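Encoded as structure tokens, the structure appears first; notes follow it.
Just so it is clear, none of the values below were taken in a lab; they were calculated from the coordinates. From a predicted model like this one, the values you see are computed outputs, not experimental measurements. Glycine also receives a Cβ, built like all others from the backbone with ideal geometry; neighbour counts cover every protein chain displayed.
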Amino acid sequence: MITLSKGGAYLLNGVEIIEDGPEAAAAIKAKTGKDVCKDCASKETIAYNILADHNTSGNMDKLKIKFDKLTSHDITFVGIIQTARASGLEKFPIPYVLTNCHNSLCAVGGTINEDDHMFGLTCAKKYGGVYVPPHQAVIHQFAREMLAGGGKMILGSDSHTRYGALGTMAMGEGGPELVKQLLNQTYDIDRPGVIGIYLTGKPSLGVGPQDVAIALIGAVFANGYVKNKVLEFVGPGVENLSADFRIGVDVMTTETTCLSSIWKTDSQIKDFYDIHERSEDYKELNPGEVAYYDGMITIELDKVKPMIAMPFHPSNAYTIEEVNANLADILNDVEKRAKVSFGDSVDFSLQDKIRNGKLYVDQGVIAGCAGGGFENICAAADILKGNYIGADEFTLNVYPASTPIYMELMKNGCATTLLETGAILKTAFCGPCFGAGDTPANNAFSIRHSTRNFPNREGSKVQNGQVASVALMDARSIAATAANKGYLTPATEVEGRIGAYKYHFDSNIYKNRVFDSKGVADPSVEIKFGPNIKDWPKMEALPNNLVLRVVSEIHDPVTTTDELIPSGETSSFRSNPLGLAEFTLSRKDPNYVGLAKDMQKAQNALVAGEDVYAVKPELKAVMETVEKTYPDAVAAGIGYGSTIFAVKPGDGSAREQAASCQKVLGGWANIANEYATKRYRSNLMNWGMLPFLIKEGELPFKNLDYLYIPGIRKAVEEKAEVIKAYVVSDNGLKEFDLTLGDMTNEERQIILKGCLINYNRI
């Protein structure tokens with residue numbers, strides 16, 4: 001079904017793969033009559049040429065990218081604009097779209113969600129942006145309908161910023177990267193590798209885009225095959241997929257840990273642009289005659305079966321057939337995985353979901369940028385037609401991804417069909433994807449056509465004894481399960497037709513409801529600030545020497561951003577840096593905030609010129625030990641703060657707050673064996689935090705230990721390959737080594753100055 005090449009591969013005329021090796025050059029010449037140059041062929045990918053068109057450095061190995069457009073939603077745009085304002089923002093230099101699809105319920109924290117929306121509207125007017133009101137569209141559907149363009153690049157502050165199926169290379173990053181674009185700076189990365197995704201065949205009836213996506217994620221997540229690379233979808237199978245199907249696969253590529261994605265385009269994508277009244281934005285994209293890829297993944301679409309990503313990660317992939325055949329064993333494996341994250345803090349079991357030898361599901365959700373597409377919902381309606389979900393625990397909620405899609409479902413009858421079954425049709429909202437909508441009951445099992453199923457993401461509060469599970473599935477099999485009144489069923493087992501519905505896009509709702517400045521700023525507009533919208537606190541430059549206390553130690557194989565700063569109800573506080581910081585690691589390590597703030601007292605006293613040892617007495621003994629070896633440790637300039645250790649932090653969301661919350665609580669660093677994503681590591685650096693690395697298996701310190709890092713400022717300035725650090729104990733100093741990995745000169749300057757705001761302000 002899915003095979004991975006062992007090395008690089010050439011693609012000839014978009015249809016024939018020749019794996020790299022001693023015979024490759026001769027084979028290519030025999031077929032084309034031309035000598036092959038690997039470096040030349042690597043420049044024939046679609047990805048290379050889009051990056052080249054947007055690179056301003058003049059050096060394709062060290063990219064400095066200027067994007068065409070930006071997009072954010074309402075739990076990110078306030079912090080981004082506040083950061084940019086603190087750095088001198090006067091107007092948006094490129095189109096910037098502010099959508100309102102995350103804090104749309106306005107149900108938590110009083111008025112603060114709607115306050116954020118009014119902040120966004122007035123900023124769009126003042127700085128020349130676009131404002132999409134709540135419930136009109138989820139961020140990525142609006143971008144598909146109104147922003148994407150062939151050969152363009154879009155940067156978004158949501159990790160699922162992926163529009164490759166439409167010929168747009170899009171990336172999801174933390175807010176500071178958007179701030180740089182707003183300040184006419186660049187997105188700086190080494191030239192990424194490009195992995196070909198070669199599609200063959202045609203999906204079987206009942207197999208949907210989420211099935212293909214889960215199969216791909218399961219094949220590549222754990223082995224890092226595509227990490228921080230661009231996925232380029234090619235091959236004869238592409239033409240067998242509709243635009244909606246491609247979009248559904250594409251949005252989930254984020255879960256592979258790739259950097260971005262791009263697809264070859266054809267008449268089906270042209271039709272998409274024609275339907276959306278933007279024919280001029282279509283561009284045909286194909287790789288060159290001989291294109292070289294750093295790896296090649298072949299997906300035989302006709303062999304893909306209905307899939308399920310079991311809790312608690314999209315890569316925990318099985319066929320539904322496998323789960324039904326090996327139910328007890330697979331559920332037992334899920335329980336073991338849960339033990340790693342939850343420990344003994346909650347009684348978690350799925351065995352009671354086995355009824356009459358089958359898996360009973362409590363809830364189905366089809367929603368958001370992955371599931372809320374037109375074709376997904378129409379297919380679900382067809383599968384459910386004439387059935388009822390029943391009056392037991394099982395519920396089904398469906399969220400069309402935009403109001404134009406909702407209106408078309410009403411016109412073609414699919415909305416009526418769904419409502420007749422007992423399903424509930426809701427407005428465009430991202431809540432089910434991050435725990436702010438349709439939170440399951442305690443110990444419930446939910447199947448969702450959404451993006452993620454991390455621990456805690458669906459609203460669990462393990463510290464309060466509450467836990468639920470989410471599995472990812474395609475809308476088609478969710479509908480089949482609903483038709484079977486909650487018993488897990490693949491769509492390929494359901495009799496009946498899945499029709500082809502013609503989509504008609506009505507742009508009037510956007511024309512009449514979305515505020516579009518057309519790029520014209522109005523400086524006279526006063527920004528509306530709600531009482532929860534706070535400025536970023538002052539942040540200090542990196543000192544010469546550092547004393548850090550380890551205040552959390554996490555040994556899970558991967559730590560998600562949802563565990564670093566939980567999603568769900570915390571989202572309402574994302575406009576208040578200090579308020580939000582109170583939730584940092586709250587579901588993973590409830591002791592973190594208190595310990596970090598206790599250590600921060602020392603730094604605050606130092607900055608205020610007060611007696612550090614008076615507010616933090618135990619530091620006196622720590623510093624006496626340090627000064628036996630480094631007598632000028634304090635005199636030369638010192639800083640006090642906290643750090644966490646995690647094996648592999650940062651999988652998941654692009655949310656900058658996973659880093660900034662640590663920073664505002666006095667965090668100076670993370671220490672890890674590896675960083676799960678580029679975007680989390682970038683977030684750390686943009687907030688002035690050191691992304692330390694330590695070799696796997698080497699952990700000389702433990703939680704609550706004090707660490708001393710002498711000459712850290714000099715080490716950053718001089719690009720030291722190895723940084724000496726010490727564990728401070730009653731027995732003296734125990735030396736160990738840290739590294740920082742590759743950094744651009746700008747990233748080093750940001751860390752030295754304390755954060756991106758300082759970098760732009762000073």
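Data for the structure
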{"item": "Over 23 Å between alpha carbons, listed pairs Lys534/Lys601; Lys43/Lys66; Lys6/Lys43; Lys38/Lys62; Lys62/Lys678", "result": "none"}
{"item": "Relative contact order, percent, the range 67-188 [alpha-carbon distance under 8 Å, six or more residues apart]", "result": "31"}
{"item": "Under 15 Å, Cβ to Cβ, from Tyr487 - net charge with Lys/Arg +1 and Asp/Glu -1", "result": "-2"}
{"item": "Relative contact order, percent, the range 383-470 [alpha-carbon distance under 8 Å, six or more residues apart]", "result": "24"}
{"item": "Residue-count net charge about Phe429 - beta-carbon cut-off 12 Å; Lys, Arg +1, Asp, Glu -1", "result": "-1"}
{"item": "Under the Karplus curve 6.51 cos²θ - 1.76 cosθ + 1.60, θ = phi - 60°, whole-Hz ³J(HN,Hα) for the range 731-739, x wherever Gly or Pro sits", "result": "8, x, 9, 10, 7, 8, 10, 10, 10"}
{"item": "Rel. contact order, % - alpha carbon contacts under 8 angstrom, at least six apart, the chain", "result": "14"}
{"item": "Straight-distance crosslink candidates among lysines, where the alpha carbon sits under 20 Å from Lys753 and sequence neighbours closer than 8 are dropped", "result": "Lys180, Lys538, Lys663, Lys714, Lys719"}
{"item": "Cβ-Cβ FRET estimate between Thr200 and Lys31, R0 fixed at 22 Å, reported to 0.05", "result": "0.70"}
{"item": "Ordering of 475-482, 21-28 by packing [mean C-beta count within 10 Å, highest first]", "result": "475-482, 21-28"}
{"item": "Radius 11 Å from Cβ of Lys6, net charge of other residues (Lys, Arg +1; Asp, Glu -1)", "result": "-2"}
{"item": "Residues with amide H under 5 Å from that of Asp556, placed H, sequence gap 5 or more", "result": "Val647"}
{"item": "Cut-off 17 Å (backbone N to label point 7 Å along Cα→Cβ of Asp333), residues of the range 207-227", "result": "214-223"}
{"item": "Computed lengthening from Glu696 to Asp535, 0.36 nm per intervening residue step minus Cα-Cα distance", "result": "54.1 nm"}
{"item": "Cross-link reach list, lysines versus Lys734, counting only Cα pairs under 19 Å and skipping chain neighbours closer than eight places", "result": "Lys620, Lys628, Lys695, Lys702, Lys724"}
{"item": "FRET efficiency estimate (nearest 0.05) - Cβ-Cβ, Phe736 to Ser345, R0 25 angstrom", "result": "0.20"}
